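Contents: one structure, followed by commentary.
The values are calculated or read from the model by the stated rules, or taken from the named source; none is laboratory data. The shown structure was predicted, so the numbers you read here are calculated from the model rather than taken from an experiment. Positions of Cβ are generated from backbone atoms using ideal geometry, with glycine treated the same way; all protein chains shown enter the neighbour counts.
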Amino acid sequence: MNDTITLRQLAKSYKKKCALKPLSVAIPHGKFLLSGRNGVGKTTLLKILAGLEEPSEGTIERPPWASSAAIASDCIVYPEILAIRELADLYVKEGKLDKNAFEQRIKHFNLTPYLSTLVGELSTGSLQKLRLCLALASSHPLVLLDEPLNGLDNESVLVALDEIAQEQRPMIIVDHEKRCAPHVKGKIKIDDAGSCTITP
């Protein structure tokens, strides 16, 4: 069995708008920074890898370590009428979240005082912390982070970088400021033509 995420002419369009040009690449196990100019389809690719979108064309083959994925992205909408604790309990019940790992991340990001706060009432920074806690404490074998440091204060940025450094699972991270770069294995770059190169 192939031990890479293998994309063959994978593309995504919304009506007549191209969101991801045909992409062929084999992504090995590890931590990677996904880069490319705005509009090349980085977030779209993460959504496809997370199973949130179906490709319009092409195929994707997944090894066991990428059979499912957690994603932290502002494209994910959580029920605003649930408190953080209620949302976590729902995810645990659905088998998507490790409760103990979530509680550890909540403490690490200083979100414990907000466990009873409704998701819809969270500040931008607190919502971003919640996204990271849910993804990093997920039961999925692959973790995808879309601009994980956006909206975080300096202290929380350090916490997030420490979490990324300590994470043992494979990760694909979009970070335009490249502050996560020291904690990843290599780089995946998509150019304007849709060509993809991987640097170990």
Worksheet entry | Subset of the range 26-35 (residues that are in contact with a Lys or Arg (Cβ under 9 Å, 6 or more places away or on another chain) and either surrounded by 18 or more Cβ atoms within 10 Å (Cβ to Cβ) or among the aromatic types (Phe, Trp, Tyr) (or both)) | Lys31, Phe32, Leu33, Leu34, Ser35
Worksheet entry | Lone qualifier among Ser138, Ser67, Ser123 - being surrounded by fewer than 15 Cβ atoms within 10 Å (Cβ to Cβ), in contact (Cβ under 8 Å) with a residue 60 or more places away in the chain and of a type outside the set (Phe, Trp, Tyr) | Ser67
Worksheet entry | Options Arg131, Arg179, Arg105, Arg169: the member that is surrounded by 14 or more Cβ atoms within 10 Å (Cβ to Cβ), over 24 Å from Gly41 (Cβ atoms) and of a type in the set (Lys, Arg) | Arg105
Fill in: Some residue of the range 76-84 being closer than 20 Å to Met171 by Cβ, surrounded by fewer than 16 Cβ atoms within 10 Å (Cβ to Cβ) and within 16 Å of the chain's Cα centre (by Cα)
yes
Item to complete: Please list, ordered by first then second residue, the pairs with beta carbon atoms under 8 Å, 6 or more apart or interchain, first in the range 170-181 and free of Cβ contacts under 8 Å to residues at least 40 places away in the same chain, second in a helix (DSSP H, G or I).
Response: Arg179/Val157; Arg179/Leu161
Discussion item. Restricting to the range 28-75, and then to whatever is under 14 Å from the mean Cα position of the chain (by Cα) and among the hydroxyl-bearing types (Ser, Thr, Tyr), can you tell me which residue is farthest from Ala137 (Cα to Cα)?
Written reply: Ser35
Worksheet item: Of the numbered conditions (1) in contact (Cβ under 8 Å) with a residue 60 or more places away in the chain; (2) under 20 Å from the mean Cα position of the chain (by Cα), Lys12 satisfies every one except a single condition; which is it?
Response: (1)
Practice prompt. Select the strands (runs of 3 or more DSSP E) contained entirely in the range 119-200, then report the ones holding at least 2 residues which are acidic (Asp, Glu) and at pLDDT below 95.
Written response: none
Practice prompt. Looking only at the range 89-96, decide whether some residue is within 20 Å of Lys31 (Cα to Cα), outside any loop (DSSP other than H, G, I, E, B) and in contact with a strand residue (DSSP E or B) (Cβ under 9 Å, 6 or more places away or on another chain).
Written response: no
Item to complete: Report, ordered by the first and then the second residue, all pairs with beta carbons closer than 8 Å, sequence separation of six or more or different chains, a first member in the range 28-44 that is without any contact (Cβ under 8 Å) to a residue 60 or more places away in the chain, and a second member that is assigned to a loop (DSSP other than H, G, I, E, B).
Response: Thr44/Glu53
Response to the item:
Note on Lys21: of the conditions (1) over 19 Å from Pro170 (Cβ atoms); (2) free of Cβ contacts under 8 Å to residues at least 40 places away in the same chain, unmet is (2)
